[in-house]
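Engineer: Starting off with a structure, shown below.
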Amino acid sequence: MVLRAEPVTTPPEATASRLEVSVETRPPTVLNRLELLMQPASGTSPIAVVTGASAGIGEATARRLRKDGWQLVLVARRVERLRSLADELGGATVVAVDLTEEEAPARVRETVQTEHGAVHLLLNNAGAAWRGRFDESGWGNIDRHMKVNFEAPVRLTEALLPLLRETAGANQTNIRVSIVNVASTAGRVSRPNSGAYSASKFALIGWSDALHAEERPHGVHVGLVLPGFVETEGFPARELRARALTRWIVSKPQVVAEAILEAGPGGKAERYVPRPYGVAAAARVLAPALVRRATAGGAFTTSTAASER
């Protein structure tokens, strides 16, 4: 049985701030990976808040979590995409909102508190990228990246942190309560025409490391996932997929979803996707001049769809 509660008539142009709630209780399924760490206790279902859930990494992670019996709170701007995914997954709580809006974190918190009363996983995945040289795009491009990729996850985490701590203190599942922030390998190694994007991801990584140390005593783990090139709606990586020489370095959202489970309930500090991308991060520390020369030509800078996940 699916229960839906949505506001009275909303004009089409206001769809981005519309809120719909759908809730369904379903029994957990048997896990096929991370079984010991991820198996819910009898009679319980862990709750995950997934941002950027309407496509790409967020959608793939929602599907993976549902497969393992999680209850889901799906957050993104596109309400029809969220509704369709929720129906396909057999029911979920849907919050259609732009996370950069002032009231967005409170709206998500109130919905989670009212419908579930707990949260075991906060996945800060929503993000966006707009390419541009600094001398052409200036502070404006940096500012919009920071609002979407850094400020929005920070503000949502602030809103949900008391509930995460409360859930950890009264945890009746075998699930580690956690926050997973989806950063990027661009948060370790920057490239021409994507400096604004890198700046926002560098900030997210630095804050995440500090937050982990601060929240560990409260039973809340903070993990990082750093994807490289992943084929999604917002980051299609067409240039790389078109060439046999570089096609192999482009990963899939489903692979990132597995990494998210490892960095969240699995307790890992961070995961690169694919794993060899960690070599580039290490090289940036050990041989920074070499990495600068390798990236200066823009060979690894791709176009984006300039849209939010």
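The values are calculated or read from the model by the stated rules, or taken from the named source; none is laboratory data. Note that the structure is predicted; figures quoted are calculated from it, not measured. Quick reminder, even Gly has a Cβ in these numbers, built from the backbone with ideal geometry, and neighbours come from all protein chains shown.
Engineer: For the range 286-309: of the residues being aliphatic (A, V, I, L, M) and in contact with a helix residue (DSSP H, G or I) (Cβ under 9 Å, 6 or more places away or on another chain), which is modelled with the lowest pLDDT?
Structural biologist: This residue is 299.
Engineer: Please enumerate the residues belonging to the range 166-187 that are hydrophobic (A, V, I, L, M, F, W, C) and either touching a strand residue (DSSP E or B) at 6+ places or on another chain (Cβ under 8 Å) or part of a helix (DSSP H, G or I) (or both).
Structural biologist: 168, 175, 177, 179, 180, 182, 183, 186
Engineer: Determine, yes or no, whether residue 158 is within 25 Å of residue 214 (Cα to Cα), under 16 Å from the mean Cα position of the chain (by Cα) and of a type outside the set (A, V, I, L, M, F, W, C).
Structural biologist: yes
Engineer: Which one is surrounded by the fewest Cβ atoms within 10 Å (Cβ to Cβ) among residues in the range 237-266 that are at pLDDT 90 or above, touching a helix residue (DSSP H, G or I) at 6+ places or on another chain (Cβ under 6 Å) and part of a helix (DSSP H, G or I)?
Structural biologist: Applying the filter and picking the extreme gives 254.
Engineer: In the range 77-84, is there at least one residue being surrounded by 20 or more Cβ atoms within 10 Å (Cβ to Cβ), of a type in the set (D, E, K, R) and within 16 Å of residue 125 (Cβ to Cβ)?
Structural biologist: The answer is yes; a qualifying residue exists.
Engineer: If you check 96, 86, which single one turns out to be under 27 Å from residue 204 (Cα atoms), aliphatic (A, V, I, L, M) and in contact (Cβ under 8 Å) with a residue 24 or more places away in the chain?
Structural biologist: Exactly one residue qualifies, and that residue is 96.
Okay, residues lined up against (1) outside any strand (DSSP E or B); (2) under 19 Å from the mean Cα position of the chain (by Cα); (3) closer than 30 Å to residue 137 by Cβ:
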residue: 189; (1), (2), (3): yes, no, yes
residue: 192; (1), (2), (3): yes, no, yes
residue: 205; (1), (2), (3): yes, yes, yes
residue: 224; (1), (2), (3): no, yes, yes
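Engineer: With respect to residue 178, determine if the residue is more than 30 Å from residue 134 (Cα to Cα) and under 19 Å from the mean Cα position of the chain (by Cα).
Structural biologist: The answer is yes for residue 178.
Engineer: Only one of (1) more than 24 Å from residue 154 (Cβ to Cβ); (2) modelled with pLDDT of 85 or more; (3) loosely packed, with under 15 Cβ neighbours inside 10 Å; (4) not hydroxyl-bearing (Ser, Thr, Tyr) fails for residue 269. Which number is that?
Structural biologist: Going through the list (1) more than 24 Å from residue 154 (Cβ to Cβ); (2) modelled with pLDDT of 85 or more; (3) loosely packed, with under 15 Cβ neighbours inside 10 Å; (4) not hydroxyl-bearing (Ser, Thr, Tyr), residue 269 breaks only (1).
Engineer: Just need a number here: residues in the range 127-163 that are part of a helix (DSSP H, G or I) and under 30 Å from residue 112 (Cβ atoms).
Structural biologist: The qualifying residues number 21.
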